[in-house]
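A short worksheet on the structure shown next.
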C-alpha cells in the first residue's frame, strides 16, 4: 500500500509539472525584459524582471476592450448555462419520462458537430437578426456549446442527493422551489462548481466562433489571434499570460466548492 501511494503521489506530481511548467515559462517570459528573451541559453529563473512588456501589451489597441468582452461573455455564459442546464439536469435526475435516454444521447451528439460548421450559418442568422458583432451572439453560441455538459454533470450530481430529504422539507411546509433551493442546491454545489469551471474555461478559450461572429467587439482570444502574426515574440508571451491568468483566477475562486465533492471543508 505504501508503494502504491508513492506511485500515486509521483503521478500527481508529474501531471502537475506537465501542466504547471508551461504556465511558469509563459509567466517568466511575459514578465521579463524584451532583451533577456534573446539571451542564450535562456535562464529558468527571473533574472531581468520587467513589467514593460505586459503594460505595453495591455495598452495596445483592442486588448482591454477584448478583455472586458471576454469577461462579459464568459460570466454571462456561465449564468445562462446554469439557469437553463440546472432545471434540465434536475428533471433528468428526478423524473422518468419517455425518451429520456435518447434525450441524453442527443445532448452528446450536439458536440459532434465542429464549430466551423456551425459558425457560418449562425453568422447569417445573427446578421439577419441584428445580433452580429455583439457579445450576445458569442454568449448564445458558447451557451449552446456548454449546455450538454452542464445538463449531464448536474443530472449526475442531483441523482446523488436523496429524494427523501427533499420530501421531508416539503412535509414541514417548504414549497418545491424552496426545498430545491435550501436542500438540493447546497448539496449539489460541487457539481455546479464543476459545470461553472468547465463553462467559463470553454467560453474563455473559444476563438473560432468568436472570430467569425464578431468584428469590432472581439473577445480577447479572437483579438490576440487577429494580431498574432504581426506581433513580436515578447508580446505573444504577454498575450499568453493574459489569456491564462483570468481563467486561473476564476478556477481559484470556485475551487472551494469543487473540492467539497471529496469532503474538503469550505474555507
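The values are calculated or read from the model by the stated rules, or taken from the named source; none is laboratory data. These numbers come from a predicted model, not from an experiment. Cβ: placed from backbone, ideal geometry, glycine included. Neighbour counts: every protein chain shown.
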Output for segment 56-101, where each listed residue is part of a helix (DSSP H, G or I) and modelled with pLDDT under 80
56, 57, 58, 100, 101
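Among the listed residues 137, 144, identify the single one that is modelled with pLDDT of 85 or more and closer than 22 Å to residue 92 by Cβ.
Working: 137 fails: closer than 22 Å to residue 92 by Cβ.
Matching residue, one of 137, 144: 144.
Quick check on residue 171: is it within 13 Å of the chain's Cα centre (by Cα) and assigned by TED's automatic domain parsing to the domain that holds residue 137? Give the steps one after another, and end with the answer.
Details: within 13 Å of the chain's Cα centre (by Cα): no; assigned by TED's automatic domain parsing to the domain that holds residue 137: yes.
The answer is no for residue 171.
So that you can scan it fast, the table gives a plain yes or no per residue for (1) at pLDDT 85 or above; (2) more than 30 Å from residue 73 (Cα to Cα):
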| site | (1), (2) |
| --- | --- |
| 151 | yes, no |
| 173 | no, yes |
| 176 | no, yes |
| 181 | no, no |
| 185 | no, no |
| 189 | no, no |
| 196 | yes, no |
| 199 | yes, no |
Evaluate the following for residue 151: is it touching a residue at least 24 places away in the same chain (Cβ under 8 Å) and more than 30 Å from residue 31 (Cβ to Cβ)?
yes
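This table checks each residue for (1) assigned by TED's automatic domain parsing to the domain that holds residue 214; (2) touching a helix residue (DSSP H, G or I) at 6+ places or on another chain (Cβ under 8 Å); (3) touching a residue at least 40 places away in the same chain (Cβ under 8 Å); (4) surrounded by 15 or more Cβ atoms within 10 Å (Cβ to Cβ).
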site: 88; (1), (2), (3), (4): yes, yes, yes, yes
site: 96; (1), (2), (3), (4): yes, no, no, no
site: 108; (1), (2), (3), (4): yes, yes, yes, no
site: 123; (1), (2), (3), (4): yes, yes, yes, yes
site: 127; (1), (2), (3), (4): yes, no, no, no
site: 133; (1), (2), (3), (4): yes, yes, yes, yes
